[in-house]
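Presented below is the structure to which this report refers.
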Amino acid sequence: MDEVGPADGSNKCRTNMTQEQCTHRNNVQSSEKPHVYKVGIYGWRKRCLYFFVLLLMILILVNLALTIWILKVMNFTIDGMGNLRITEKGLKLEGPSEFLKPLYAKEIQSKPGRPLFLQSSRNVSVNVVDGNNQLLTQLVTGSSGFKARGKMFEVKSTSGKLLFSADEQEVVVGAERLRVMGAEGAVFSKSVETPHVRAEPFKELRLESPTRSLLMEAPKGIQILAEAGDIQAICRNELRLESKDGEISLDARRIRLMRLPEGKASSSSSSSGTRQTVYEVCVCANGRLFLSQAGTGSTCQISNNVCL
């Protein structure tokens, strides 16, 4: 008869084998232990994995701590960061702010009641350009001075009154008084047109031309008035008072003509013996004035050698 092995799936004995051989084979197979395959990471690989996981956790904690520190230092909030606040009207800066690049803004204003302060180590430039990026108006404040470039420059008071205006055609001073504080006064290379020239109270008015002539001209007349002082007209060569259609009036209690030449009468007509102390003023045909010894009649024709 054929022998059948155990029901657990062990090897069956062939029909040709004896019972002793089959029993011996089963005993040998049962004595052998089954082979187990291990699944996972063991040894130095496991230790390296734990080390990298620990290092990663430390880096995450350090990064989280730095992030919280930066948020705290930069004062990050829902409305903005630091001195910068985002509002409905735009950006709001509280305290000093520094811009390393150009700033483009539609409007810059300070807090109500607080001044607006702009500071730069070199210069501050304000430019206005058109659609083609062409410069229209420029305002530059730097170490060399203050420069303005444009078609017109105006200065107005708080009430809107024009105080100063300048363009290519003219310069207008709209103030009630123009004060020149320089020791040399005001220098004009061309003509000056004004309806009134007046000095300050208790100050003298001086019009001077050191190297050229001084010409005062008016279509209707020139009035020189000194209510509490003297009037002096000094020149190097000639002083000319000319009236084409009218007259020249000298209205004063005393009129003095200093250093007029004295005419010499001929020897036949001159009187001898007494010293002459009374003279008369004579006028030549060319307008020159001279003195002549007074007599019972006019002696201008006798002593007209000055006119020659």
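The values are calculated or read from the model by the stated rules, or taken from the named source; none is laboratory data. These figures come from a predicted structure and were not determined experimentally. Note: ideal-geometry Cβ built from the backbone for every residue, glycine included; neighbour counts use all protein chains shown. Note: areas computed on protein heavy atoms with side chains; ligands, DNA, RNA excluded. Shrake-Rupley method; radii C 1.70, N 1.55, O 1.52, S 1.80 Å.
Of the numbered conditions (1) at pLDDT below 90; (2) over 30 Å from Glu94 (Cα atoms); (3) part of a helix (DSSP H, G or I); (4) open to solvent by 100 Å² or more (accessible area, probe 1.4 Å), Val36 satisfies every one except a single condition; which is it?
The number of the failed condition is (3).
If Asn133 passes every condition in (1) in contact with a Lys or Arg (Cβ under 9 Å, 6 or more places away or on another chain); (2) loosely packed, with under 10 Cβ neighbours inside 10 Å; (3) under 23 Å from Glu107 (Cα atoms) but one, which one does it miss?
(1)
Taking Lys89 and the conditions (1) within 26 Å of Glu154 (Cα to Cα); (2) in a loop (DSSP other than H, G, I, E, B), which numbered condition does it fall short on, given that it satisfies the others?
Lys89 satisfies all of (1) within 26 Å of Glu154 (Cα to Cα); (2) in a loop (DSSP other than H, G, I, E, B) except (1).
Return a yes/no flag: does the stretch 108-116 have any residue that is over 23 Å from Phe146 (Cα atoms) and of a type in the set (A, V, I, L, M, F, W, C).
no
Out of Lys106, Lys151, I need the residue that is closer than 30 Å to Gln169 by Cβ and either of a type in the set (Lys, Arg) or assigned to a loop (DSSP other than H, G, I, E, B) (or both). Which one? Before you say what the answer is, go through the steps one by one.
Values: Lys106 fails: closer than 30 Å to Gln169 by Cβ.
That would be Lys151, the only listed residue that is closer than 30 Å to Gln169 by Cβ and either of a type in the set (Lys, Arg) or assigned to a loop (DSSP other than H, G, I, E, B) (or both).
Scanning the stretch 275-295 for residues that are modelled with pLDDT under 80 and either aromatic (Phe, Trp, Tyr) or more than 19 Å from Arg256 (Cβ to Cβ) (or both), which turns out most open to solvent (accessible area, probe 1.4 Å)? Step through it out loud before you land on a result.
Step one: list which residues in the stretch 275-295 are modelled with pLDDT under 80, which gives 275-277, 295.
If we keep only those that are either aromatic (Phe, Trp, Tyr) or more than 19 Å from Arg256 (Cβ to Cβ) (or both) as well, we get 275-276, 295.
Working: Arg275: 218, Gln276: 57, Gly295: 49 Å².
Filtering the stretch 275-295 for residues that are modelled with pLDDT under 80 and either aromatic (Phe, Trp, Tyr) or more than 19 Å from Arg256 (Cβ to Cβ) (or both), the one most open to solvent (accessible area, probe 1.4 Å) comes out as Arg275.
Among the residues of the stretch 253-274 satisfying the criterion of being modelled with pLDDT of 80 or more and among the aliphatic types (A, V, I, L, M), which is least open to solvent (accessible area, probe 1.4 Å)?
Among those that are modelled with pLDDT of 80 or more and among the aliphatic types (A, V, I, L, M), it is Leu260.
Considering only residues that are among the basic types (Lys, Arg) and open to solvent by less than 100 Å² (accessible area, probe 1.4 Å), which ones fall in the stretch 81-110? Can you show your working first?
Filtering the stretch 81-110 for residues among the basic types (Lys, Arg) gives 85, 89, 92, 101, 106.
Answer for the stretch 81-110, where residues must be among the basic types (Lys, Arg) and open to solvent by less than 100 Å² (accessible area, probe 1.4 Å): Arg85, Lys92.
Kindly indicate whether any position in the stretch 64-80 is within 30 Å of the chain's Cα centre (by Cα) and surrounded by fewer than 11 Cβ atoms within 10 Å (Cβ to Cβ). Working first, answer last.
Step one: filter the stretch 64-80 for residues within 30 Å of the chain's Cα centre (by Cα), giving none.
Scanning the stretch 64-80, I find no residue that is within 30 Å of the chain's Cα centre (by Cα) and surrounded by fewer than 11 Cβ atoms within 10 Å (Cβ to Cβ), so the answer is no.
Suppose we filter the stretch 111-124 for residues that are surrounded by fewer than 10 Cβ atoms within 10 Å (Cβ to Cβ) and in contact (Cβ under 8 Å) with a residue 12 or more places away in the chain; how many remain?
Here the count works out to 1.
Based on what the data block shows, is Ser159 outside any loop (DSSP other than H, G, I, E, B) and either at pLDDT 80 or above or surrounded by 10 or more Cβ atoms within 10 Å (Cβ to Cβ) (or both)? Break it down into steps so the answer makes sense when it comes.
Numbers: outside any loop (DSSP other than H, G, I, E, B): no; either at pLDDT 80 or above or surrounded by 10 or more Cβ atoms within 10 Å (Cβ to Cβ) (or both): yes.
So Ser159 does not fit the description; no.
Taking the condition of being surrounded by 10 or more Cβ atoms within 10 Å (Cβ to Cβ) and without any contact (Cβ under 8 Å) to a residue 12 or more places away in the chain, how many residues in the stretch 179-191 meet it? Can you show your working first?
Looking only at the stretch 179-191, we keep the residues that are surrounded by 10 or more Cβ atoms within 10 Å (Cβ to Cβ), and these are 185.
If we keep only those that are without any contact (Cβ under 8 Å) to a residue 12 or more places away in the chain too, we end up with none.
Qualifying residue count for the region: 0.
Yes/no matrix, rows are residues, columns are (1) of a type outside the set (Val, Ile, Thr); (2) outside any strand (DSSP E or B); (3) modelled with pLDDT of 85 or more:
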| position | (1), (2), (3) |
| --- | --- |
| Gln119 | yes, yes, no |
| Asn132 | yes, yes, yes |
| Phe146 | yes, no, yes |
| Val155 | no, no, yes |
| Val172 | no, no, yes |
